[in-house]
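J.: One structure is given below, represented as structure tokens, and several questions about it will come after.
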Amino acid sequence: MLCRNDSIKIGSGSVPVYVNVYDLTSINGYAYWLGLGVYHSGVQVHGVEYAFGAHEYPTTGIFGVEPKQCEGFTFRKAVLIGWTEMDPAEVRGVMEELAEVYKGNAYNLITKNCNHFCNDACVRLTGNPIPSWVNRLARIGTFFNCIIPMKLKSIKVGHHRIEDKLCDGADKKKLKK
């Protein structure tokens, strides 16, 4: 298999942080063994899975779901990224900071997708990036950006808003900014 496990740095922390990887297409069953594939991913910490998806509004594209249950995708595997000492409120703060950068209307399959979000979140939570194979096709796509049809680049992976799933009224206001 060409999908090697990237080693994680041993760090401090008692709360595990996972990246949950989902197949977007059945071709991944074959492509995975070549180190390729089209994947959706989410970051699991404190019993919540955070992910990023598209919508047409300039509000956060970050949403939360039950771990390993992201609707519309086929769960492939969970990869331990590292550990954090952050409590749920601190993790929520990190997600609110990322919400400023990851707006639903800014989603781009090649340059700002769910895997980019997961990488940024994992680095902030643990100091470790996600495995390189998870977003390899998007990185390859950047080299061919000028020949990829605009229609393909603008494909949106939708989601349920985090405000609808996890927040009370005060938190909704913070995340909608």
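J.: Can you pull out the residues in segment 1-27 that are over 12 Å from the mean Cα position of the chain (by Cα) and either farther than 19 Å from N119 by Cβ or at pLDDT 90 or above (or both)?
T.: M1, L2, I10, S12, S14, V15, P16, V17, D23, T25, S26, I27
J.: Pick out, from segment 41-97, the strands (runs of 3 or more DSSP E) lying fully within it that include 1 or more residues that are within 25 Å of S26 (Cα to Cα), touching a residue at least 60 places away in the same chain (Cβ under 8 Å) and not aliphatic (A, V, I, L, M).
T.: 48-52, 62-65
J.: Oh, and also: Can you spot a residue in segment 116-133 that is in contact with a Phe, Trp or Tyr (Cβ under 9 Å, 6 or more places away or on another chain) and part of a loop (DSSP other than H, G, I, E, B)?
T.: no
J.: Any residue at all in segment 30-46 that's modelled with pLDDT of 95 or more and open to solvent by 50 Å² or more (accessible area, probe 1.4 Å)?
T.: yes
J.: Please work out which residue is farthest from the chain's Cα centre (by Cα), limiting yourself to segment 55-83 and to residues that are open to solvent by 30 Å² or more (accessible area, probe 1.4 Å) and small (G, A, S).
T.: Residue satisfying both the conditions and the ranking: G72.
J.: Quick test for you: out of G13, G93, G72, pick the one residue that is in contact with a Gly (Cβ under 8 Å, 6 or more places away or on another chain), closer than 20 Å to V123 by Cα and of a type in the set (G, A, S).
T.: So the residue among G13, G93, G72 that is in contact with a Gly (Cβ under 8 Å, 6 or more places away or on another chain), closer than 20 Å to V123 by Cα and of a type in the set (G, A, S) is G13.
The values are calculated or read from the model by the stated rules, or taken from the named source; none is laboratory data. Note that this is a predicted model, so its numbers are computed, not measured. Positions of Cβ are generated from backbone atoms using ideal geometry, with glycine treated the same way; all protein chains shown enter the neighbour counts. Areas reflect the complete protein model, heavy atoms only, side chains present, ligands, DNA and RNA absent. Shrake-Rupley method; radii C 1.70, N 1.55, O 1.52, S 1.80 Å.
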